[in-house]
Amino acid sequence: MENNDLNPVEELKWEAKSLLIIGLVLLAILGFSVSGCKHDIPVPIKAVDDNGGGGGGGGSDQPCDPNTVYFQQQVLPFLVSSCAKSGCHNAATAEDGVILDSYANVMNTGEVTPFDLSDSEIWEVINESDPDKVMPPPGETQLTQAQINLLALWINQGAQNLICDDASGPCDSVSVSFAGDVVPILQNKCVGCHTTATSTNGFVSLSGFTDVEVVAGTGQLVGAITHDPSYVAMPDGGPKLNACEIAKIKNWVSEGTLNN
Ligand code: HEC
């Protein structure tokens, strides 16, 4: 039926419908352009779903939900530390075309299929039994079971690029211990690159108290994580540690690098 065949009442209804549709399209475009803007790890961190789609991208502060995996805080740091190393999957080397240093690159080159572990290459290579194909390769720092579980949960929850406001919880940087505070940060964000093995290439080792104590003593540890221009900024190629993590490490150092 053609538009000009309509009687006046129907024509009015038609016009109203068209206006509604145009309005919705405009709203959608507006929504996309607002939520589509990317944020490169702001600190303190806002709750932003910058998954690229139009849906739901708020911008309001949100505390971390313990049942949700936040890619930026919980997955990206260990991918950078264990995979996006020089000679492996950083942008410069891009072994097999795979770059694991940002959300976009992980999604584009890691062949992640949201909600589908068995169709996600990144998951398959981690669980590969063939020693020539398994990742990380034998001899490299292996992922911990907790990190593997997080990766699986992240994919099963839709492989979103979520950030939560972890500055919203109390940050106890005063009563800091090596085992309880410093080691978990280094484990997730540093030791993939800084093992005893890599120290033979001239990199500092951050595995174990004795090694960390040495790097702290020279000023390199705090210099690197605070991005002091006299040092190489760390994590290499990854997001800066958040304010709470930096405060914890600084306090642990200023209290005399205790093995507590
Ligand atoms: C993706 C690999 C990678 C990650 C992750 C990484 N580093 Fe490094 N780090 C390097 C490399 C490579 C160098 C050597 C840089 C150079 O000499 O140019 C280095 C150097 C350093 C140095 C010496 C800096 C200096 O100027 O003397 C310190 C200290 C350090 N890293 C600490 C850390 C800490 C702490 C973390 C975690 C918060 C971390 N790194 C995460 C690769 C990494």
Exclusive hit being within 16 Å of the ligand (Cβ to nearest atom), at pLDDT 95 or above, touching a Leu at 6+ places or on another chain (Cβ under 6 Å) and not in a loop (DSSP other than H, G, I, E, B), set 253, 215, 182: 215
Quick one: how many residues across the stretch 95-116 are exposed (fewer than 13 other Cβ atoms within 10 Å of the Cβ) and aromatic (Phe, Trp, Tyr)? 1
Could you please tell me which pairs satisfy a Cβ distance under 7 Å, a separation of 6+ or placement on different chains, a first residue in the stretch 88-109 that is within 17 Å of residue 192 (Cα to Cα), and a second residue that is among the small types (Gly, Ala, Ser) and open to solvent by 40 Å² or more (accessible area, probe 1.4 Å)? 90/237; 93/86; 93/87; 99/91; 101/91; 101/237
Criterion first (more than 9 Å from the ligand (Cβ to nearest atom), within 21 Å of residue 141 (Cα to Cα) and at pLDDT below 90) does residue 210 satisfy it? no
Could you count how many residues in the stretch 218-234 are part of a helix (DSSP H, G or I) and more than 9 Å from the ligand (Cβ to nearest atom)? 0
In the stretch 95-125, what residues are β-branched (Val, Ile, Thr) and under 15 Å from residue 80 (Cα atoms)? 98, 99, 106, 109, 122
Looking at residue 258 and the list (1) within 9 Å of the ligand (Cβ to nearest atom); (2) open to solvent by 70 Å² or more (accessible area, probe 1.4 Å), which single condition is not satisfied? (1)
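The values are calculated or read from the model by the stated rules, or taken from the named source; none is laboratory data. It should be emphasised that the depicted structure is a prediction, and the values quoted were computed from it without experimental measurement. In this analysis, Cβ positions are derived from the backbone assuming ideal geometry, glycine residues included, and neighbour counts consider all displayed protein chains. Surface accessibility is based on the protein's heavy atoms, side chains included, excluding ligands, DNA and RNA. Shrake-Rupley method; radii C 1.70, N 1.55, O 1.52, S 1.80 Å.
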